[in-house]
Structures are given as C-alpha cells and as structure tokens.
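The values are calculated or read from the model by the stated rules, or taken from the named source; none is laboratory data. Just so you know, these numbers come straight off a predicted model, no measurement behind them. FYI the Cβ positions are ideal-geometry reconstructions off the backbone, even for glycines, and counts take in every protein chain you see. With ligands, DNA and RNA removed, areas are computed over all heavy atoms of the protein, side chains included. Shrake-Rupley method; radii C 1.70, N 1.55, O 1.52, S 1.80 Å.
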Amino acid sequence: MSSPYEKPRFYDDALALGRHRDIVGGRWDETGRAQMALLLDAGLKPHHHLLDIGAGSLRLGCKAVPYLDPGHYWATDASRALMLAGHRHELSDPARLDPAHLVEDRDFAYPGVPDDITHAIAFGVFPHLPGPALASAIAGLGRFARLEAVFFTLFLAPEGAASYRQKDGVVTHAGRAPRHVTAGHARAAAPGWSLSRDDRMLPRGQVLFIARPPGRAAPGSHP
C-alpha cells in the first residue's frame with residue numbers, strides 16, 4: 001500500500017469519528033494560513049479563479065472562499081466526502097461555495113472544472129503519492145489556457161537517500177509515504193514549464209515550487 005489514504009474505509013472511519021481535520025496531516029490551521037499567505041504573496045486577487053488540488057477538508061478553502069469572488073474557488077480530492085465535511089464544518093458562510101465545486105478526482109483529470117482557472121495549488125499532496133503523480137498532475141493542468149501558475153510542495157532529499165530527516169524533524173522515505181524526491185524529479189515532471197523554488201519555511205519542512213506554463217512569464221519579469 002503506497003499511502004495510508006488507500007486503506008479500506010480510511011475516510012469513512014475517520015469522518016465517522018469527526019476527524020476531518022486530523023486526517024489531512026495535522027497543523028490544520030497553521031498549514032491553511034501558510035497556503036493562503038503564499039498565494040497572496042504571489043499576487044492572488046479576488047477576481048482570480050483558484051483550483052485547490054488535494055483540498056481535503058478545506059483547510060485552505062475556509063480562508064480562500066471568503067477572499068475570492070463567489071464561484072471562483074474549485075477543489076478536487078480523492079474523497080468528496082472529506083471535502084463535504086469541510087464544507088459543513090469549516091466555512092463561515094457555506095452559501096458562498098456551491099458543493100458542485102467540490103470534485104472527486106483521483107487521477108488529476110480535473111473533471112468538470114471550468115477552463116477559466118488562473119491559479120492552482122497542491123500543498124502536501126505529493127508526499128503521499130507515488131512519484132509519477134506529480135507529472136500526471138502537471139500534465140492535466142495543461143488544458144487550462146488561462147493558468148498563470150501552479151504551486152506545489154515536495155519533501156526533498158539527496159540523491160540515493162532511502163530515509164531522510166527534514167528540517168522540521170519529520171523523517172521521509174524514498175519508497176513509501178511520507179515520500180521524498182530530488183529537485184531533479186520536480187524539474188523532470190514539468191517539461192517545458194518554468195520552474196522556480198521558494199525557500200520560505202513551510203510546515204514539516206516541505207519545499208515550495210512554482211511552475212508556470214510554457215509562454216507564461218512571472219509577473220514583473222522581462223523577456
């Protein structure tokens with residue numbers, strides 16, 4: 001089993017116990033605040049359209065939905081039930097988010113998500129998934145013609161490290177979750193995209209990457 005999230009009845013059992021926050025990795029509010037801060041620093045405005053990949057119980061959504069114009073937040077996750085739990089329990093004004101914007105998606109196909117997405121974020125998603133998942137996610141995002149940037153986090157480790165202790169103390173692994181990769185893996189997963197690294201300290205020592213589609217320069221950059 002490559003991820004604890006694949007355990008039979010994992011979501012059903014956790015949600016029955018009211019653990020919709022706990023099962024998305026802990027540090028629920030801290031992580032949501034970190035996500036929102038990095039998006040604002042990158043220039044996210046209320047008129048933009050955000051896709052929250054691996055949204056879980058809306059730890060980012062509960063902050064992004066009140067900020068964005070109504071209808072401008074979309075979310076995907078392997079469990080729609082988990083997102084709906086966040087919708088019920090975590091939104092200050094649930095009417096601002098149509099539940100139809102919460103899309104179950106295990107394959108990074110983004111079914112039903114409209115083409116006007118301008119920003120996408122996948123925070124703490126890929127350490128729980130096999131290595132090819134990042135490339136699949138990036139490839140799927142290629143259909144969004146208005147996409148300006150995708151923000152994603154990884155655990156990094158030196159080449160050949162079977163296990164590695166991250167700056168924040170968590171031990172990651174090459175062959176199982178929580179999984180680490182090399183920086184080269186990130187570059188190889190986004191061929192043709194412009195990839196940059198943000199060195200801010202994030203929960204559990206994750207590293208933030210910003211990928212921009214081919215032909216999309218960073219704001220303020222010059223040819």
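Miscellaneous remarks
- ALA81 versus ARG143: modelled label distance in nm, points set 7 Å from Cα along the beta carbon direction: 2.7 nm
- For the range 97-223, share of DSSP beta bridges that run antiparallel, in % to the nearest 5: 65 percent
- Between GLU159 and ASP115, the modelled label-to-label distance comes to 4.2 nm, taking each label 7 Å out from Cα in the direction of the beta carbon.
- Around the amide H of LEU156, modelled in the peptide plane, lie the amide H atoms of VAL181, VAL207, all under 5 Å away and 5 or more residues distant in sequence or on another chain.
- Taking N as its residue count, the alpha carbon Rg of the range 51-142 over 2.2 N^0.38 Å: 1.02
- Per-peptide average of other Cβ atoms within 10 Å, ordering 157-163, 188-194 highest first: 188-194, 157-163
- Summed residue charge, Cβ within 10 Å of PRO66's Cβ, Lys/Arg positive, Asp/Glu negative: +1
- Stokes-Einstein diffusion coefficient of the range 108-223, Kirkwood radius over Cα pairs, 10 °C, 1.306 mPa s, in µm²/s: 107 µm²/s
- Rounded Å value of the spacing that divides the Cα centres of the range 40-80 and the range 141-187: 22 Å
- Debye intensity ratio in log₁₀ form over the Cα atoms of the range 172-219, taken at each q of 0.18 Å⁻¹: -0.67
- Calculated FRET efficiency for the pair SER92/SER136, C-beta based, R₀ 41 Å, to 0.05: 0.75
- Close amide-amide hydrogen proximity is noted between ALA149 and ALA120, each under 5 Å apart and 5 or more residues distant or on a separate chain (H modeled in the peptide plane; Pro and chain starts excluded).
- Computed with the Debye formula from one identical point scatterer per Cα of the range 41-194, without solvent, the log10 of I(q)/I(0) at q = 0.14, 0.21 Å⁻¹ comes to -0.71, -1.32.
- For the range 96-184, the Cβ-based charge dipole about the Cα centre amounts to some 360 debye (Lys, Arg positive; Asp, Glu negative; other atoms uncharged).
- Here the contact order of the range 53-95, divided by its residue count and restricted to Cα pairs under 8 Å and six or more residues apart, works out to 53 percent.
- This model, with +1 at the C-beta of Lys and Arg and -1 at the C-beta of Asp and Glu, gives the range 31-118 a dipole about its Cα centre of some 320 debye.
- With all protein chains kept in place, the per residue accessible area of the range 101-157 amounts to 33 square angstrom at a probe of 1.4 angstrom.
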